[in-house]
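**Student:** Next up is a structure, given as C-alpha cells.
The values are calculated or read from the model by the stated rules, or taken from the named source; none is laboratory data. Just so you know, these numbers come straight off a predicted model, no measurement behind them. Here the Cβ positions follow ideal geometry from the backbone for every residue, glycine too, while neighbour counts run over all protein chains shown.
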Amino acid sequence: MTSLITEAVVARLDLVGATARHQDLYTGAGADFYDRLVGPDRAEIREVLALARTAPGPVLDLAAGSGRLTVPLVRSGHRVTAVDLSADMLAHLRRALPDRAAVDCIVADMRDLALEGRYGLVVLGATSITLLDQAGRSRLYAGVRRQLAAGGVFALSVAGGASADSLTVATAREIAVPGATDDETYLFAQQIEDEGAVRVVNWVRLADIAPRAEVPVLTSRLHVLSPEILAGELTAAGFAAPRISPVRTAAGTDILLLTTSLADSAGGGR
C-alpha cells in the first residue's frame, strides 16, 4: 500500500529525529482542523442556493462535512439530508445548525446511497468527488440516479484553470490556518503518484515538530480529475451532458460546477 506520508514531510521530520503519526484528515483532530481550514470558504454557496430555489423537493448534500453548504441551505428554508462518512464532521455540522433546523444528518458512505425518498437537488461540493476512485465514482453515480427526483439536478464541483494545474505538481510550503485564538502555521505537502492520477496531501503543524517527537500528520489521498473526465463518466452513467460553469471564488482559486439531470428527464442538463 502506498504510504500516506509524503517524502517532503519525512525529510522535514528526519531533520530533528521525529517520526510521523498518521491521522485521517476527516476524523478526530483532523475533522477539527478541516473545519477551521474550510469554514471561511464561501465558494459554491451562491450557485448552490440558486439551484435549490427551483429544485422540486428536498436537497441531498453529499460529503456534507461540517456544513459549509448545508447550513446556508437550511437558513434559506430548505429541507436537507446531510450525508458524510465521518461522524466527527457531522458533529461539527450539528453544532453549527440553528435551533429546530430541518436537517437529517446521516453517517454513511456516499458510494452506497440507500435513502428513503427522492431529492430535487443532489450536491457534492468542495471538489469532494476527487475522494473517490473510478469504481467508487461509478457506485456514486448509480446511487444518485436512485435518489434523484424526476427533473432534479445533480451538481458537483472540480478544480479548473490554474487551480487544476497546481494539483499536478509536488509542493511543500507553509500556510497560516485559523486557530482557536490566532493563526497557526502548518506545513502543507503534496506528492504526485500513479503517473499524475493521484495526489497525497499532508498537513503538519510546525509547533508539533520537535526533536524525537511523534508528530501528528493529517493525510488524505485524492484523485486528479478534469471536467472532461467527469462529463464523460456522467453521460456514460445515464445523465445528460453536464453544463460546466465557473464558480465565483476568491482571487487565485478556479472551481468549475457541473450540473446535470437524468438523461431521460425532460430538459436534459442544466
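**Student:** From the list ILE209, ILE229, which one is among the hydrophobic types (A, V, I, L, M, F, W, C) and farther than 28 Å from ASP14 by Cα?
**Tutor:** ILE229 is the lone residue from the list that is among the hydrophobic types (A, V, I, L, M, F, W, C) and farther than 28 Å from ASP14 by Cα.
**Student:** Same structure, new question: Answer yes if at least one residue in the stretch 147-164 is closer than 30 Å to ARG12 by Cα and part of a strand (DSSP E or B), and no otherwise.
**Tutor:** yes
**Student:** Which numbered condition in (1) under 20 Å from VAL158 (Cα atoms); (2) at pLDDT below 95; (3) loosely packed, with under 15 Cβ neighbours inside 10 Å is the only one that ALA236 fails?
**Tutor:** (2)
**Student:** Which residues, counting only those in the stretch 69-91, are crowded, with 19+ Cβ neighbours inside 10 Å and either part of a helix (DSSP H, G or I) or out of contact with any Phe, Trp or Tyr (no Cβ under 9 Å at 6 or more places or on another chain) (or both)?
**Tutor:** Of everything in the stretch 69-91, those that are crowded, with 19+ Cβ neighbours inside 10 Å and either part of a helix (DSSP H, G or I) or out of contact with any Phe, Trp or Tyr (no Cβ under 9 Å at 6 or more places or on another chain) (or both) turn out to be LEU69, THR70, VAL71, LEU73, VAL74, HIS78, VAL80, ALA82, VAL83, ASP88, MET89, LEU90.
**Student:** Still on this model: So ARG42 ticks every box in (1) part of a loop (DSSP other than H, G, I, E, B); (2) modelled with pLDDT of 95 or more but one. Which box is left unticked?
**Tutor:** (2)
**Student:** Kindly indicate whether any position in the stretch 21-36 is aliphatic (A, V, I, L, M), outside any helix (DSSP H, G or I) and modelled with pLDDT of 95 or more.
**Tutor:** The answer is yes; a qualifying residue exists.
**Student:** I'm told ALA250 meets every condition in (1) within 26 Å of GLN147 (Cα to Cα); (2) part of a loop (DSSP other than H, G, I, E, B) except one. Can you identify the failing condition by its number?
**Tutor:** (1)
**Student:** Anything in the stretch 126-158 that is at pLDDT below 95 and within 24 Å of ASP254 (Cβ to Cβ)? List them, or say none.
**Tutor:** Residues satisfying the conditions are ALA126, THR127.
**Student:** Okay, next question. Test each condition in (1) assigned to a helix (DSSP H, G or I); (2) exposed (fewer than 12 other Cβ atoms within 10 Å of the Cβ) for ARG173 and report the one that comes out false.
**Tutor:** (1)
**Student:** Answer yes or no: is there a residue in the stretch 45-53 that is under 24 Å from PRO246 (Cα atoms), surrounded by fewer than 20 Cβ atoms within 10 Å (Cβ to Cβ), free of Cβ contacts under 8 Å to residues at least 24 places away in the same chain and not hydrophobic (A, V, I, L, M, F, W, C).
**Tutor:** Yes, there is a match, as at least one residue in the stretch 45-53 is under 24 Å from PRO246 (Cα atoms), surrounded by fewer than 20 Cβ atoms within 10 Å (Cβ to Cβ), free of Cβ contacts under 8 Å to residues at least 24 places away in the same chain and not hydrophobic (A, V, I, L, M, F, W, C).
**Student:** So, in the stretch 45-64, how many residues would count as being over 20 Å from LEU113 (Cα atoms) and either of a type in the set (D, E, K, R) or not in a loop (DSSP other than H, G, I, E, B) (or both)?
**Tutor:** So the answer is 9.
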